[in-house]
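Data first, discussion second: the structure below is written as structure tokens.
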């Protein structure tokens, strides 16, 4: 396994399998009354978050604590530019305190990759701008695989604001790596630049028509649509978006009964996902959250337990 | 003032002959007691002229000063540079322009010709005092809000009309800010889609180029397109020239060689505005430079303090160094490949820029009687660029560790060597 987890590209299929195996063991730990494992005792993990986050930050925090790491949350919100400090200086300052693992969330694409060039600590990308969110993709794939038994030849449909989504970018890479067939759905204005060439090269499909693909989906992933996109002219109204691209009650009816419904959260109920779909028996939304802790425990374990002096 | 005998130089690449300099001018007879410069195997060009340089003084003397930028320019073979107006304060008054002129004269290594802002404070709203800058000691003729586009068509129209009174030209940074978000930082295309970086589509440049050539036709004025970066812009300029519209254009060395895929590692040293484009655009720009559609090479030398580049990619400063490497890049890309001759290089790096900027005494033909502004080039020298080895105060050098064929050996400003043997004289 690579030293850092910056992108899904850092993972070979064997790495993903190892991460999933460990995650399954960690998943069992979550259901014990005493959840603490000693694996990362004496190691220090800093959650360095340049952007607001509740679920990802707490998920990493719990994961680190259950592995007995010392976990410190550093909120560096507000761009370092406006504070007059370069990103490099901010990172060197934190790293100089003696950090083994840096979990980075940043609003700018590529930030985790840049940070990894400036520090000896293990860097884990917890979301960089519109680029990637590899632990989210891992927990999504893990969740779908547990539901369906395998991802091989399963058809996963990803719907929503693809242009601005790091969840989409990581997922499309990982799902293809694991043998799934992926179709991404969005209005033309929310498709990333150059997606036609990219999809051909990376082996996924694109369509503007959700109703054409939804009945054939083995799993569906709804992405959050930010309401401020409307002011950017990406689509005319929330109502029109829902009619074209929302997982409405009617569409729930055409979905295969066993097909898991995923959403990385936070959900806009009534916009991209109807309450009936979010709360349906086949909804995997809360499974994703619990898998998130197991996956992050697994990632921290694999990247930090063997590193350096402690173990 | 020293007398010089430049022995054995190939003048504009057209065969060996000696060049004689006395009292700052080229003369017909070898002067007595002259210093002899051995130029066997070297090409003599008229001193290079850069239409587009950022010298950062006043305001950001930690990134570059007029002196350090002048040293870099001389080492790059330049005898004149046009200093862009986006300093702090902005060069938008006669006094500000004269100050830059005087800083250049004090440095004394190249003629530093100030560019005036088109609009007050580069705000794009009200015309700056164009006429007062033109009448000042600095004799400003080129006006540009470079770094920003003069976006308001009404302002652009008036600027084009107004500068006709004193033979001025508007150098436009062609980029429609409404065709990309405020955080755009690279070429919009497949790679930006993959990397999740907000981009500028080529059309954001092309629509402004198209609008401006039509405004130039309407106003019967002259427009210069700064740093052309797309094949579409080239097509528009080619069409406009074929219709007799008074438009000129420049291309940077980096847009002639570097492509957008260098951004895959998110290294801000490759972040520049306009952005690096795909290989198809690079090929079109080379063709356009060779066939005369693009008139000039201009560096857009943009030094930045290290800490201004060590931000996340979208937050880092735009721009890259260029003065010291420009001739080597053009030599490597255009001459070594056979696409251009040294006479063509003289045209695009000296004669055309001097004509566009209205600079007297520069951009000559090395004929007897002309001011002795001379650049000597070794066309066979192979250089490996080292960013540590630079007169610039900044190190944002995209050419670091790149191997280029062709190097400046000596520069002569009005008869006085500023650079000899590749080092400041």
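Quick note: the coordinates plus some simple rules give every number you see, no bench work behind them. Given the structure is predicted, the values throughout are model-derived calculations rather than measurements. Virtual Cβ from ideal backbone geometry, glycine too; neighbours counted across all protein chains shown.
Miscellaneous remarks
- Helix A:166-177 axis, angle to chain A major axis (alpha carbon atoms, nearest 10°): 90
- Separation of alpha-carbon centers, the stretch A:11-27 and the stretch B:346-384, rounded to whole Å: 64
- Rel. contact order, % - alpha carbon contacts under 8 angstrom, at least six apart, the stretch A:134-280: 25
- Beta bridges assigned by DSSP with both partners in the protein assembly as shown are antiparallel in approximately 30 percent of cases.
- Rounded if a/c under 1.5, otherwise prolate or oblate - the stretch A:134-280, Cα gyration tensor axes: oblate
- Cα shape, the stretch B:46-363, gyration tensor, a/c 1.5 rule: rounded
- Highest-fluctuation residue, B:275, B:201, B:31 considered, GNM on chain B with Cα pairs under 10 Å: B:31
- Angle of helix A:13-30 to the longest C-alpha principal axis of chain A, folded into 0 to 90 degrees and rounded to 10: 80°.
- Look at the Cα gyration tensor of the stretch A:83-198: its axes a ≥ b ≥ c give a/c of at least 1.5 with a/b at or below b/c, and that counts as oblate.
- Helix B:94-107 vs. chain B, principal-axis angle (Cα, 0 to 90°, nearest 10): 40
- The protein assembly as shown, helix-only ellipticity at 222 nm - DSSP H runs n ≥ 4, -39,500 (n - 2.57), divided by all residues, nearest 500: -9000 deg cm²/dmol
- Most mobile listed residue (A:20, A:49, A:235) in chain A, GNM with C-alpha springs under 10 Å: A:235
- Centre-to-centre, using Cα atoms only, the stretch A:112-142 and the stretch B:153-219 are separated by 36 Å.
- Difference of contour (0.36 nm per residue) and Cα-Cα distance, residue A:18 to residue A:239: 75.2 nm
- Cα centroid of the stretch B:1-66 to Cα centroid of the stretch B:243-311, whole Å: 27
- Cβ-derived FRET efficiency at R0 56 Å, residue B:95 paired with residue A:30, nearest 0.05: 0.20
- Relative contact order (%) - the stretch B:46-363, alpha-carbon pairs under 8 angstrom, separation at least six: 18
- Contact order for the stretch A:224-310, expressed relative to its length and based on alpha carbon pairs under 8 Å spaced 6+ residues apart, stands at 28 percent.
- For chain B, built as a Gaussian network whose Cα springs stay under 10 Å, the top-fluctuating residue of B:85, B:298, B:343: B:343
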